[in-house]
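Q: Take this structure, written in structure tokens, and hold onto it; I'll ask about it next.
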Amino acid sequence: MLGCKGEILILTGPPGAGKTTVAAALARISGSSKVHLHADDFWRSIGNGAVPPHLPESDTQNRVVMDVLSRAASAYAEGGYFVILDGIIGPWFLSAFQRLQVPIHYVVLRPPLDTAIRRCRQRGGETMADPAAITSLHRQFDSLGSLEAHVLAVHKDDPPDQVMRSIASLVVAKTNLLNNNR
């Protein structure tokens, strides 16, 4: 159904879109060997001097994290794994992935804003809960121009299995979304 070895699926969207839940479920599907990379883990690896990644002054830090993340994903893909990368990876970060020599798929989960805020608040812990920050990030995924075809609208009651089937359909329909020349 989903998961060709040597490929990367970037599963993105605003906070509260369900990226991690769906990515973890996709990684458990039988078939090819899979790796689930959670982008937040790469930001949390920065100790002293970390800047919250949603702030404008974090741009240099975020580009370093994206470079490291793209290289890690590529190494797994080149090793024969299907890589599922979940995180807030907007179009502004895609250049780090477009230069890779492996097929890249890009799927944006887009929930309604109220659903995203509710999910973030319910999670608790170290996750983002500030409605203003969530709203700002949500707006950045509102209009994606040529990438709008890669958006999957998700709703609060969508079961993960249904979302996974929709993602698989998008991936099959749009092979090599970012680097069509491969």
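Please treat every number below as a calculation from the coordinates, not as lab data. Note that the coordinates shown come from a computational prediction; the quantities given were computed from them, not determined experimentally. Positions of Cβ are generated from backbone atoms using ideal geometry, with glycine treated the same way; all protein chains shown enter the neighbour counts.
Q: Straight-line reach from K34: which aspartates and glutamates have a Cα under 14 Å away, not including same-chain ones fewer than 8 places off?
A: Answer for K34, where 14 Å is the Cα cut-off: E7, E78, D86, listed by chain and number.
Q: If I model a spin label at S33 and S95 as a point 7 Å from the Cα along the Cα→Cβ vector, what separation in nanometres do I get?
A: 3.4 nm
Q: While we're on this one: Ranked by Cβ crowding within 10 angstrom, fewest neighbours first, how are S169, S143 ordered?
A: Least to most surrounded, the residues fall as S143, S169.
Q: Where a Cα-Cα gap under 15 Å defines reach, which aspartates and glutamates qualify for K156, not counting those fewer than 8 residues away within the same chain?
A: D114
Q: What chymotrypsin sites (Phe, Trp or Tyr not before Pro) in region 1-88 are in a loop by DSSP, with at most 15 other Cβ atoms within 10 Å of the Cβ?
A: none
Q: Just report the Cα centroid separation between region 63-83 and region 1-48, whole Å.
A: When both Cα centres are located, 11 Å separates them.
Q: Which of L144, L55, L109 ends up with the largest GNM mean-square fluctuation for the chain, with Cα atoms connected below 10 Å?
A: Judging by the Gaussian network model, the answer is L55.
Q: Evaluate the distance, in nm, between pseudo-label points positioned 7 Å from the Cα of E148 and of A129 along their respective Cα→Cβ axes.
A: Those two pseudo-labels are separated by 3.6 nm.
Q: Can you tell me the convex hull volume per residue for the chain, based on C-alpha atoms, in Å³ to the nearest whole number?
A: Given the Cα convex hull of the chain, per-residue volume reads 113 Å³.
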